[in-house]
1. State the three equivalent ellipsoid semi-axes of the chain, derived from the C-alpha gyration tensor as the square roots of 5 times its eigenvalues, in descending order and whole Å.
2. Label points 7 Å out from Cα along the Cβ direction at residue 52 and residue 274: separation in nm?
3. What helices does the chain hold that run 15 Å or longer along their axis, going by alpha-carbon atoms, with a Kyte-Doolittle average of 1.6 or more, using DSSP H for the helix calls?
4. Please report, as a whole percent, how much of the solvent-accessible surface of the chain comes from carbon and sulfur atoms (probe radius 1.4 Å).
5. Give a quick list of trypsin sites (Lys or Arg not before Pro) in the stretch 100-179 that DSSP marks as loop, anything other than H, G, I, E or B, with at most 15 other Cβ atoms within 10 Å.
6. Using Cα springs under 10 Å in a Gaussian network model of the chain, which residue among 91, 261, 54 shows the largest mean-square fluctuation?
7. Given contacts defined as C-alpha pairs under 8 Å and at least six residues apart, what's the relative contact order of the stretch 159-224, whole-number percent?
8. Can you give the relative contact order of the chain as a percent, counting alpha carbon pairs under 8 Å and 6+ residues apart?
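The values are calculated or read from the model by the stated rules, or taken from the named source; none is laboratory data. Given the structure is predicted, the values throughout are model-derived calculations rather than measurements. Cβ coordinates were reconstructed from backbone atoms using ideal geometry, including for glycine residues, and neighbour counts include every protein chain displayed. These accessible areas exclude ligands, DNA and RNA; they are computed on the full protein's heavy atoms, side chains included. Shrake-Rupley method; radii C 1.70, N 1.55, O 1.52, S 1.80 Å.
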Amino acid sequence: MLLAAIALQASVAAPIFAPPIDAPLRIVTERTEIASDQRHYRLERLVRFSKEGLGYRAEALILGSASEAPQVLGNLVERGLSALAGRTIVLHLDSNGRVVAIDAIADLWERVCQRVSDAAATRQSLAPGEARTLAERIAAPLRALPPERQRALLATLVAAAILPEPLDPPGTVAPVELPGASPFGTPVTLRGTRSTAADNGLIRTTTLASAAMDLPARSDAPAASGSVALERIRTSNPRTGLIASGLDTTRNRVGGRETLLVTRLRVERANPADWPD
């Protein structure tokens with residue numbers, strides 16, 4: 001037990017990125033919004049790594065995505081990723097697990113943008129001409145994103161399972177500041193703490209952060225106050241640099257109304273035979 005604890009401390013002190021190369025990973029993201037009703041979003045993909053120079057090559061294959069409320073639960077890129085289902089996406093990572101290049105990114109990104117545009121154009125609440133105008137207005141900012149931003153958004157297919165920063169030693173409680181969004185849609189900074197603990201050979205981090213804000217009165221709306229609170233739990237393996245599971249719970253409050261957004265991340269080894277030929 002003592003030797004295991006010492007080894008765990010050492011792996012945290014000198015974090016590495018060493019993903020498995022003998023079997024693919026299955027990565028599943030599920031999001032549920034709970035307000036007056038419940039709505040769900042789900043994205044599942046397989047990812048397999050291989051050595052490439054000093055870094056790694058990753059192949060990502062989207063198995064499926066679904067959303068009961070895409071206009072709320074899936075951001076624009078998440079909605080567009082369904083256009084890439086069944087296609088192998090090749091990403092190149094450095095030795096620290098950062099995605100530095102994606103093959104055929106221009107074609108991939110255009111497919112994502114076109115899917116977003118097509119989805120908006122089919123909205124039944126608008127006349128065909130109005131729907132197409134709206135579709136182009138929604139897709140245009142995505143098409144205009146700089147290449148590095150396009151790469152970062154597509155990289156989430158793999159990066160969601162990779163530790164974004166070194167872990168603190170078990171027993172640490174540290175202050176954190178995180179970017180977030182207010183219930184009014186404006187950017188805010190969430191402030192709180194992150195605690196780190198050992199968990200059966202893994203590392204569990206728990207982040208609690210929140211922010212409160214006021215919206216001044218306008219000619220068409222009275223003043224309002226709101227708050228956002230985040231609880232983020234991650235279980236990670238410092239020996240591989242990979243996340244095993246995650247749970248984000250975000251509470252948005254405006255007056256007496258609350259919206260709960262729960263995002264679950266699951267990363268597990270898949271059978272090599274699961275990868276379609």
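1. On the way: eigenvalues 221, 153, 50 Å².
So the equivalent ellipsoid measures 33, 28, 16 Å along its semi-axes.
2. 2.2
3. 2-13
4. Numbers: 8030 of 14740 Å².
On the chain, the fraction of accessible area on carbon and sulfur atoms equals 54 percent.
5. Details: sites: 111, 115, 123, 132, 137, 143, 149, 151; in loops: 123.
Sparse-neighbourhood loop trypsin sites (Lys or Arg not before Pro): 123.
6. 54
7. The normalised contact order for the stretch 159-224 reaches 25 percent.
8. Taking the mean separation of contacting Cα pairs over the length of the chain, I get 20 percent.
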